[in-house]
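What follows is calculated from the coordinates using simple rules that are stated; it is not laboratory data. Just so it is clear, the model here is predicted, and its values are computed rather than measured. When we count neighbours, we look across all protein chains shown, and the Cβ atoms used for this are built from the backbone with ideal geometry, even at glycine.
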Amino acid sequence: MVSSGRELRLEVDTDRCIGAGQCVLTAPQVFDQRDEDGLVALRTAQPPADLREDARTAVELCPAGAIRIGAPGPA
Ligand code: SF4
């Protein structure tokens, strides 16, 4: 089995999120927006390898800096 890069662990900060939805547009399988207020919700904190690039792009594009890449979890 081929390992396809490092684990990625995402953290979101709903206090910073402004509900711009950029993350959901960029990586809809990773991010969602809460029905009640439109703020970010994670579909998965540890996206599989094929979604990690989109997740990283979403981190870069978030206008509020509300998404962070945390320390990798245990292997
Ligand atoms: S892109 Fe950033 S500000 Fe916009 S919904 Fe996602 S986390 Fe919130």
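What to note about this one:
- The stretch 2-55: GluC sites (Glu not before Pro) in DSSP coil with no more than 12 other Cβ atoms inside 10 Å: 36
- Spin-label model distance (nm) - residue 7 vs residue 37, 7 Å beyond Cα toward Cβ: 3.0 nm
- More than 19 angstrom apart: percent of Cα pairs within the stretch 9-69: 14 percent
- Table column - 3J(HN,Hα) (Hz), the stretch 19-36, Karplus curve with 6.51, -1.76, 1.60, x for Gly and Pro: x, 5, x, 4, 5, 5, 5, 7, 9, x, 8, 10, 10, 9, 10, 5, 4, 6
- In this Cβ point-charge picture (+1 for Lys and Arg, -1 for Asp and Glu), the chain has a dipole of about 260 debye about its Cα centre.
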